[in-house]
Amino acid sequence: MAALLGAAPAVLASSIRDEISVDRTQSTAQNPRAGSVSNLLGANFDVGDDWVVSGTAVVTLEDATPGPVRATFRDTGGTVTAFSLGADWDLTDRFTASARVSASPESTTRSTATLTVERNGRAVQAAAPVDVTGSSRTVEFLADYDSGGTSDLEWAFGGALGLTRDSTFQQVSGLRFADGTLLTADQTRAACALPRSICPQALLRGLDGNSADLGSARFSLTAMATLFRDTDVTLGGDYYAYDSDPSRFGYFGVAATRRQPEGIGAPIAPLRFVVRPEVAQRFGALSLRLWVQAGRYASGVGQSTGAIGAKAQMRFGGAFRAWLAASGQNDVDAQGDAAKSATISVGGAWRF
């Protein structure tokens, strides 16, 4: 990023942006994650009349997830980084083609899963450590059309194909109860087999050390209508396909954190599809945006997802803009447990 900024005087125009997001999540046994704090730094450079080069760097600090029982395992959270580089090419005044590559290098996080296990004939809570080492690589191709006029009704359409490969290794060493009693891996399997126990399959696989790779393809379509120059109405949708059973990939909340910039939250498990309508209104230098989202997770890893969010942005002259965004999300996992999460983001961008 520093090298790109150093080259900025040689290009036609440049912009940099920075955004800080705070996410808080209701933990479940399937998604043992309490929340995170992330910082996104991005830059765009016009390197010609028809080309724009862009890059982002994201650092996410996963919060520790202390268990509900005393004397639980030491919980450390973790740090996840992600980087991307892309280029946009204006084929004509109306058509744009783009390509992006991104990667999240290998990192390790630890969270504590909360389980219900039968003990002495009663269902009690227990804690299990989930150590996850993961990495991710993505390549994406995009195409956009913009009617490009100034009439009271203008249109824009977009399509994208994203190909992702996630790798993970997960380890669960056992269970610990409130009185400090520790169960080994074999004892944990036996306890999870009792009638009153509720243990996710991801935990049972993690007792042996679970290594997995998951390839996915995301197909995206977007249509936007601009009404009277100041109102944008957008409808977008994504469909996901996988090269293997995603239900065997493990604890998704800590294995693959995927975020989009500028105030948009993250899923907790592999999606099957998602639909997202939104409306944006400009009032001079002020713009407001409201969106809702609904979708389904892949079979075996989750049920439904729903979200709502808003963003306010203010421009200060032609060089600087700042924004504040907030969103709330409700996810139902494969066990039927609902996890609510909230994200607040604040950011700014400067064009020079």
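Starting from 0.36 nm per residue, how many nanometres of slack lie between Thr231 and Gln281 once their C-alpha separation is accounted for? Before the final figure, lay out each step's value.
Working: separation 50, 0.36 × 50 = 18.00 nm, distance 0.46 nm.
My answer for the length gained is 17.5 nm.
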Cα principal axis extents for segment 268-352, largest first, Å: 51, 20, 20
Amide H to amide H under 5 Å from Arg119: which residues, 5+ apart in sequence or cross-chain, H placed 1.01 Å off N in plane? Val124
Between Arg33 and residues 5 or more places away or on another chain, the pairs with built amide H atoms under 5 Å apart involve Thr28
With each pseudo-label sitting 7 Å past Cα toward Cβ, what's the Arg24-Ala97 distance in nm, one decimal? 4.7 nm
With each label point set 7 Å from Cα along the Cα-Cβ vector, what nm distance links Phe273 and Ser244? 2.7 nm
Tell me which chymotrypsin sites (Phe, Trp or Tyr not before Pro) from segment 209-253 have a DSSP coil assignment and no more than 15 other beta carbons within 10 Å of their own. Phe228
Can you tell me the dipole magnitude for the chain around its Cα centre, using point charges on the Cβ only (Lys, Arg +1; Asp, Glu -1), in Debye to the nearest 20? 1140 debye
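Using packing as a proxy for protection, rank 321-327, 150-156 so that the peptide with the highest average count of other Cβ atoms within 10 Å comes first.
On the way: 321-327: 18.0, 150-156: 12.0.
Ranked by mean Cβ neighbours within 10 Å, highest first: 321-327, 150-156.
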HN-Hα J in Hz across segment 296-305 - Karplus 6.51, -1.76, 1.60, θ = phi - 60°, x for Gly and Pro: 10, 8, 4, 4, x, 10, x, 10, 10, 9
Sequence order, segment 217-229: Karplus ³J(HN,Hα) from phi using 6.51 cos²θ - 1.76 cosθ + 1.60, θ = phi - 60°, Hz rounded, Gly and Pro as x, gives 10, 10, 10, 10, 9, 9, 10, 10, 10, 9, 9, 6, 6
What net charge is computed for the residues neighbouring Val139, neighbours being all others with C-beta under 12 Å from the C-beta of Val139, Lys and Arg scored +1, Asp and Glu -1? +3
Once you list every other residue whose beta carbon is under 10 Å from the beta carbon of Thr168, what net charge do they have if Lys and Arg are +1 and Asp and Glu are -1? -3
Quick one: what are the phi-derived ³J(HN,Hα) couplings along segment 171-176, Karplus 6.51/-1.76/1.60 with θ = phi - 60°, whole Hz, x for glycine and proline? 9, 10, 8, x, 10, 9
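Any read-out appearing in this document is the output of simple, stated calculations on the displayed coordinates, not a laboratory observation. This is a predicted model, so every value here is computed, not measured. Backbone-built Cβ (ideal geometry, glycine too); neighbour counts: all protein chains shown.
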